[in-house]
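**Student:** I'd like to ask some things about the structure below.
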Amino acid sequence: MYIILLGAPGAGKGTQAKRIMEQYRIPQISTGDILRAEVQAQTELGKLVKSIMDQGKLVSDDIMIKIIEKRIQQPDCQNGFILDGFPRTIPQAEALEALIQKLNSGKLKVIEISVPDDEIIKRISNRRVCRNCGKDYNLLFNPPPPDNKCEVCGGEIIQRSDDAEETVRKRLTEYRNKTAALVEYYEKKNRLYRVNGMQSIDRVFEDIQKILESNGH
Ligand code: AP5
């Protein structure tokens, strides 16, 4: 089973990808997490992408395709994977198609989680994450502990550097200009399913489960 989660920044892709991973035992591949780990480790790639990410822009297709090509060849991807944050452009989608063709035959389902912009700004500006393990907190419904230390690993809880409101607006513009076209791209290929992201996290997951367990497409 190959799953792509599409949706604007903050639509809930990462939240749902983790649930799918637990339920169906296939790995979540978050390109944002992969890039943030490179930034944290101050690798050459991390140094290159940091300012691009902080400006809310997309990293180049060449870099992203190489990252995904390497990642999906790992043994844990044999029974499928969940892509969260990839593809984000038509060239990325075309490259992915070629890569998937080389793997075992499996079903590709693309799920778009839709959420209006004002809700996105609200969710992202209240998001906090552990600097160390990436665990997600949200000031609105799952606030960090009073000592601001992660309950999983004790790491410091911070706001992502690209989660400032001005940067989120730029990320939304990038999404509209470069990524939203993928909805139509996958619709034409008869791979697209839509989920209303303006529901509780549990409800969104129930809708996703129905899609994954249906025999359609
Ligand atoms: P990335 O990390 O992929 O960021 P994003 O797509 O902007 O997505 P987010 O992680 O912000 O949001 P999400 O949809 O996962 O939402 P979440 O579940 O956290 O990318 C970062 C950057 O890396 C990009 O800007 C780009 O520079 C670069 N990059 C990455 N991939 C790339 C690629 N392929 N090509 C080029 N560049 C690339 O939820 C958000 C908040 O809302 C959380 O606090 C959560 O708890 C809460 N929430 C979730 N669901 C609900 C709900 N149903 N109700 C209420 N609150 C909810």
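The values are calculated or read from the model by the stated rules, or taken from the named source; none is laboratory data. Please read all numbers here as calculations on a predicted model, not as lab measurements. With ideal geometry, Cβ positions are generated from the backbone for all residues, glycine too; neighbour counts draw on all protein chains shown. With ligands, DNA and RNA removed, areas are computed over all heavy atoms of the protein, side chains included. Shrake-Rupley method; radii C 1.70, N 1.55, O 1.52, S 1.80 Å.
**Student:** Compute the long axis of helix 90-102 from its Cα atoms, compare it with the longest principal axis of the Cα atoms of the chain, and write down the angle in degrees, 0 to 90, nearest 10.
**Tutor:** Relative to the chain, helix 90-102 is tipped by roughly 60 degrees.
**Student:** Can you tell me the equivalent ellipsoid semi-axes for segment 2-213? Use √(5λ) from the Cα gyration tensor, largest first, whole Å.
**Tutor:** Listed largest to smallest, the semi-axes of segment 2-213 are 25, 20, 18 Å.
**Student:** Here's a follow-up. Would you tell me the accessible area of E69, worked out with a 1.4 angstrom probe on the heavy atoms of the protein chains, in Å² to the nearest 10?
**Tutor:** 70
**Student:** Would you work out the charge dipole size for the chain about its Cα centre, treating the Cβ of every Lys and Arg as +1 and the Cβ of every Asp and Glu as -1, and quote it to the nearest 20 debye?
**Tutor:** Working: 34 positive and 31 negative charges, 46 e Å.
I would put it at about 220 debye.
**Student:** For a test of understanding, tell me how many lysine pairs in segment 7-105 have Cα atoms under 23 Å apart, given they are 8 or more places apart or on different chains.
**Tutor:** Here the count comes out as 14.
**Student:** Turning to a different aspect of this structure: Can you tell me the 0 to 90 degree angle between the C-alpha axis of helix 44-54 and the longest principal axis of the chain, rounded to 10?
**Tutor:** 80
**Student:** Tell me, what does the Kirkwood hydrodynamic radius of segment 82-169 come to in angstroms if you use every pair of distinct C-alpha atoms?
**Tutor:** Every distinct Cα pair counted, the radius reaches 15.8 Å.
**Student:** Which of the chymotrypsin sites (Phe, Trp or Tyr not before Pro) across segment 83-178 are loop residues per DSSP, with 14 or fewer other Cβ within 10 Å? Can you show the working numbers first?
**Tutor:** Working: sites: Y137, F141, Y175; in loops: F141.
Qualifying residues, ordered by number: F141.
**Student:** Could I ask something else about it? Can you tell me the 0 to 90 degree angle between the C-alpha axis of helix 31-40 and the longest principal axis of the chain, rounded to 10?
**Tutor:** 40
**Student:** Oh, and also: Per residue, how much accessible surface does segment 2-213 expose to a 1.4 Å probe? Answer in Å², no decimals. Intermediate results must be reported in sequence, preceding the final value.
**Tutor:** Details: 11130 Å² over 212 residues.
Heavy-atom accessible area per residue stands at 52 Å².
**Student:** Still on this model: Leaving out ligands, DNA and RNA, what percent of the accessible area of the chain is carbon and sulfur, probe 1.4 Å?
**Tutor:** C and S atoms contribute 48 percent here.
**Student:** To the nearest 0.05, what FRET efficiency results for I100 and N148 with a Förster distance of 35 Å applied to their C-beta separation?
**Tutor:** Once the sixth-power term is evaluated, E becomes 0.25.
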